[in-house]
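For reference, the structure discussed in these notes is given below.
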Amino acid sequence: MASTLLRPDQTFYPSPRLAAKAPVETLAYMVTFDPSRKKPDGLVTLDVDPKSAGFGKQVGRAEAPNVGDEFHHFGWNVCSSALCPYAAHPHLERRYLLVPGLRSSRIYIFDIKPDPKQPKLVHTIEAKEIAERAGYSRPHTIHCGPDGIYVSALGAPDGNAPGGIFVIDHDTFAVKGRWELDRGPQQLAYDFWWHLGYDTAITSEWGTPNMVEAGVNPELLLAGEYGHKLHIWDLPKRRHRQEIDLGKEQQMVLELRPAHDPSKAYGFVGVVVSLKDLSSSIWTWYLDGSTYKVEKVIEIPAEPADPNDLPPLLKGFKAVPPLVTDINLSLDDRWLYVSAWGTGEFLQFDVSDPFKPKKTGSVQLGGIVRKAAHPKSGPLNGGPQMVELSRDGNRAYLTNSLYASWDEQFYPEGIKSWATSIHARPEGGLSLDDGFFSTFEQRTHQIHLEGGDASSDSYCYS
């Protein structure tokens, strides 16, 4: 199915430094979903060219043939890792988007090459194939690797543990099988990334499908049963090497953002909530000798609130938790962006020293209590959630929905979905000027940019 080129795709860049100098994006792709599960979810094309009359508007949409998939995270079939010395597929092209349904466990393959504004569905991987060949379900995160397409899964077909990673063939989109040869103590899964220069993979933890699909389970949360560990793996040998426990009070250790420079062995991970005080936090993992360690480097406190302004789940706490649900790192490894979905704040930190971040910018949009408005809107619900960064680091793209059942718990009045772009100043600081703000009928989730972005690609050269 995949096509072969005589020379590598021009959107593959050997290093993050060269990727940052690539042409500016003019199109973006965004997944949307119907929380009522009555209408098909969609892959939407956005015009993100500021010079265009349709800036920030939908210019295309492809729909799933089914309902109830709940599109969530998605990714490219191949990327810059195809240029690694040991890559098996250096001459494929970045033309297919793999879009999983987090509830249905299907994965849809959309082709953008014939018409980049109107992706076309060309193949579907059914849940049965994933279950039979890999023993997993609920595919979550897609990363294109040197030797295949890697997909994280939250659990087994029955909704319980273990979750893990499976691999899809670059050419045929057939499920090869489970990635782990020896998972050690790892049971819960969520995100995964790697340090290609160190033959190391890192995975994080959320919960099994049975723990997350109906929303936050207060009993499990207060008992510290959601994910609170990082796992270090030998990437080529596919074997567990080390477990790092952040402590049971650190609930939901989610998004991983390793340094883009393959000569560096550190990265950042976000923790959604602390049972101690409802704060959120960012931790830096790093290689110390032959062992990986982790250190908390940012703490974002909860904000006191009138219980009458809070959803039932939070009334007893009399506070709004930040709920850091996504983070992203610029290609030059200097700027870390943090989405506080609960309080409605989007933050920028200078992480030139990854152990001493400095807050350099903040904007407020939505929030459980704050409901902060954009200059082009009235009061907003939802809050900064999924964040994507342009390759040059000058633009951040945000959406405001997390996951249908969780949306209803934290925003019971309902979420009217929006997407927006934010200007990131080269010297530091954020601005809502010159960006777009658009609303959508279906709920919005992740965005990826044509030709790659800060979280699409991994690199083998500095």
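The values are calculated or read from the model by the stated rules, or taken from the named source; none is laboratory data. This is a predicted model, so every value here is computed, not measured. Cβ placement follows ideal geometry from the backbone for every residue including glycine, while neighbour counts extend to all protein chains displayed. For accessibility, only protein heavy atoms count, side chains too; no ligands or nucleic acids. Shrake-Rupley method; radii C 1.70, N 1.55, O 1.52, S 1.80 Å.
Confirm whether E249 is out of contact with any Lys or Arg (no Cβ under 9 Å at 6 or more places or on another chain) and either open to solvent by less than 70 Å² (accessible area, probe 1.4 Å) or closer than 25 Å to I368 by Cα (or both). So E249 does not fit the description; no.
Condition first: open to solvent by less than 50 Å² (accessible area, probe 1.4 Å) and of a type outside the set (A, V, I, L, M). Now tell me which residues in the stretch 296-322 satisfy that. Scanning the stretch 296-322 gives P307, P311, P321, P322.
Those strands (runs of 3 or more DSSP E) of the stretch 37-146 in which 3 or more residues are without any contact (Cβ under 8 Å) to a residue 60 or more places away in the chain and of a type outside the set (K, R) occupy 58-63, 120-125. Residues in the stretch 7-22 that are open to solvent by 70 Å² or more (accessible area, probe 1.4 Å) and either small (G, A, S) or closer than 19 Å to D115 by Cα (or both): Q10 only.
Of all residues in the stretch 426-462 being in contact with a helix residue (DSSP H, G or I) (Cβ under 8 Å, 6 or more places away or on another chain) and part of a loop (DSSP other than H, G, I, E, B), which is farthest from L98 (Cα to Cα)? Across the stretch 426-462, the extreme among qualifying residues is S462.
Scanning the stretch 211-229 for residues that are in a loop (DSSP other than H, G, I, E, B), surrounded by 15 or more Cβ atoms within 10 Å (Cβ to Cβ) and either of a type in the set (A, V, I, L, M, F, W, C) or more than 23 Å from the chain's Cα centre (by Cα) (or both) yields a count of 1. For the residues D41, D34, the requirement of being buried (at least 23 other Cβ atoms within 10 Å of the Cβ) and of a type in the set (D, E) singles out D41.
Residues in the stretch 70-98 that are among the charged types (D, E, K, R), in contact with a Lys or Arg (Cβ under 6 Å, 6 or more places away or on another chain) and closer than 17 Å to F173 by Cβ: how many?
Adding up the residues that qualify gives 1.
When the criteria are applied in full, D277 fails the requirement of being open to solvent by 10 Å² or more (accessible area, probe 1.4 Å), within 28 Å of V167 (Cα to Cα) and at pLDDT 95 or above. Assessment of the stretch 1-15 against the conditions (modelled with pLDDT under 95 and of a type in the set (D, E, K, R)) yields at least one matching residue.
Output the residues belonging to the stretch 326-358 that are over 27 Å from D457 (Cβ atoms) and in contact (Cβ under 8 Å) with a residue 60 or more places away in the chain.
Step one: filter the stretch 326-358 for residues over 27 Å from D457 (Cβ atoms), giving 342-345, 356.
Passing the criteria: only G342.
Across the stretch 187-198, the qualifying residues are those that are touching a strand residue (DSSP E or B) at 6+ places or on another chain (Cβ under 8 Å) and buried (at least 20 other Cβ atoms within 10 Å of the Cβ), and the one among them that is nearest to E225 (Cα to Cα) is L188.
Beta carbons closer than 7 Å, at least 6 apart along the sequence or on distinct chains, pair a first residue in the stretch 152-176 that is of a type outside the set (F, W, Y) and open to solvent by 30 Å² or more (accessible area, probe 1.4 Å) with a second that is in a loop (DSSP other than H, G, I, E, B) and modelled with pLDDT under 95 for D171/M1; D171/A2; T172/M1.
Being modelled with pLDDT under 95 and within 30 Å of V67 (Cα to Cα) is the requirement here; does G414 meet it? Answer is yes for this residue. Could you tell me which of the residues T203, T208 is over 17 Å from the mean Cα position of the chain (by Cα) and either without any contact (Cβ under 8 Å) to a residue 12 or more places away in the chain or surrounded by 17 or more Cβ atoms within 10 Å (Cβ to Cβ) (or both)? None of the other options fit; the residue is T208. Residue count for the stretch 326-341, restricted to those that are part of a strand (DSSP E or B) and open to solvent by less than 10 Å² (accessible area, probe 1.4 Å): 9. V59 meets each of the listed conditions (1) farther than 15 Å from D111 by Cβ; (2) out of contact with any Leu (no Cβ under 8 Å at 6 or more places or on another chain); (3) hydrophobic (A, V, I, L, M, F, W, C) apart from (2). Scan the stretch 410-462 residue by residue and report those that are of a type in the set (S, T, N, Q), under 29 Å from S80 (Cβ atoms) and under 18 Å from the mean Cα position of the chain (by Cα). T420, S421, T444, Q446, S455, S456, S458, listed by residue number. Looking across D434, D457, one residue alone is in contact (Cβ under 8 Å) with a residue 12 or more places away in the chain and within 23 Å of A259 (Cβ to Cβ). It is D457. If you go through the stretch 426-450 and keep only what is at positive phi and either of a type in the set (K, R) or open to solvent by less than 10 Å² (accessible area, probe 1.4 Å) (or both), you end up with just G429. Can you say whether K293 is surrounded by fewer than 19 Cβ atoms within 10 Å (Cβ to Cβ), under 20 Å from G207 (Cβ atoms) and modelled with pLDDT of 95 or more, as far as the supplied structure shows? Spelling it out, it is not the case that K293 is surrounded by fewer than 19 Cβ atoms within 10 Å (Cβ to Cβ), under 20 Å from G207 (Cβ atoms) and modelled with pLDDT of 95 or more. Of note, G414 does not satisfy the criterion of being open to solvent by 10 Å² or more (accessible area, probe 1.4 Å), in a loop (DSSP other than H, G, I, E, B), more than 18 Å from P23 (Cα to Cα) and in contact with an Asp or Glu (Cβ under 7 Å, 6 or more places away or on another chain).
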